[in-house]
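Heads up, the thing below is written out as structure tokens.
The values are calculated or read from the model by the stated rules, or taken from the named source; none is laboratory data. Owing to the predicted nature of the structure, the values given are computational and were not obtained by experimental measurement. Reconstructed Cβ throughout: ideal geometry from the backbone, glycine too, with neighbour counts over all protein chains shown.
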């Protein structure tokens, strides 16, 4: 049963649920972080990404495949005193 | 402007005024504000990216060679401050951090104990730590021992514009800890407050609200630049002492016939 579920999810186009800044979001199965960020217009800018409480440097973004339930915090600088 | 140049946190700055970037209705004036303030260093905060940050980001308005001091505002504990500091450093804009740990929403008072804890951890990780604190000599000593680059006592609550309400405590700090730079941060409401802090011997001041909420922020930034310079020059020139009674400016002898005596 689990094998069947696994095989079904290997199909291209199937989406997984991830959490981004506290909100539900979707990613494609096998999609890497860099790709997801680019798709959502977040590739540029001064952003820092924390994935499951771990800060991921930009050079690792393309290598990291998003998983079901991943928790992303995407932060940037804003005005402050 | 050589009296104003300053080595702090491993950097050489041309001004003892550090400017905050919060509360600007129009962030596009920031480059002019920084130029008027003659400052190289600004603070920023770290927040989740919002949809408006995609169009316009504060970093678009901060010169590439500016020295950035991200703050850990939002942190309620040392752990949260450390997390925010690490995120800020990961942006690749330097290793300065203002540790700001606050647990009360009304006065935004810094938690001195958590601030010391965060400072120790971050200094050990190579950050140049600028802790925002409630002026207290024991905390200041602990921060210095923890490796802080300076201590930043508040003058009055953040954004209150009430000036140096804590002046007596800051003076004690300056007297007891001559070896650690003291940067007065928070509550400075007018250029005269900044001048006063510098006259007392502060190494620098940080100003946000007083400039951002001024009628003309660019002109106010310029006023602050002059005030910080004046205060520093006065301090170096050696202020005269104060007295309870008058001391005449001219001799009390040699008056014309029939006058005085």
Quick check: anything in the range B:234-254 within 27 Å of residue B:28 (Cβ to Cβ) and in contact (Cβ under 8 Å) with a residue 60 or more places away in the chain? no
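Residue by residue, here is whether (1) within 25 Å of residue B:221 (Cβ to Cβ); (2) touching a helix residue (DSSP H, G or I) at 6+ places or on another chain (Cβ under 8 Å) holds:
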| position | (1), (2) |
| --- | --- |
| B:24 | yes, yes |
| B:50 | no, no |
| B:69 | yes, no |
| B:100 | yes, yes |
| B:121 | no, yes |
Have a look at B:37, B:85, B:78 and point out the one that is within 12 Å of chain A (Cβ to nearest Cβ) and at pLDDT 95 or above. B:85
Give the residues of the range B:171-193 that are under 21 Å from residue B:7 (Cα atoms) and surrounded by 16 or more Cβ atoms within 10 Å (Cβ to Cβ), sorted by residue number. B:173, B:174, B:177, B:180, B:181, B:182, B:183, B:184, B:185
Look through the range B:40-69, keep the residues that are within 7 Å of another protein chain (Cβ to nearest Cβ) and within 16 Å of residue B:28 (Cβ to Cβ), and return whichever of them is surrounded by the most Cβ atoms within 10 Å (Cβ to Cβ). B:44
Going by what's in this entry, would residue A:69 be described as away from every other protein chain (no Cβ under 11 Å) and at pLDDT 95 or above? yes
With respect to residue A:37, determine if the residue is in a loop (DSSP other than H, G, I, E, B), in contact with a strand residue (DSSP E or B) (Cβ under 8 Å, 6 or more places away or on another chain) and either at pLDDT below 95 or away from every other protein chain (no Cβ under 11 Å) (or both). no
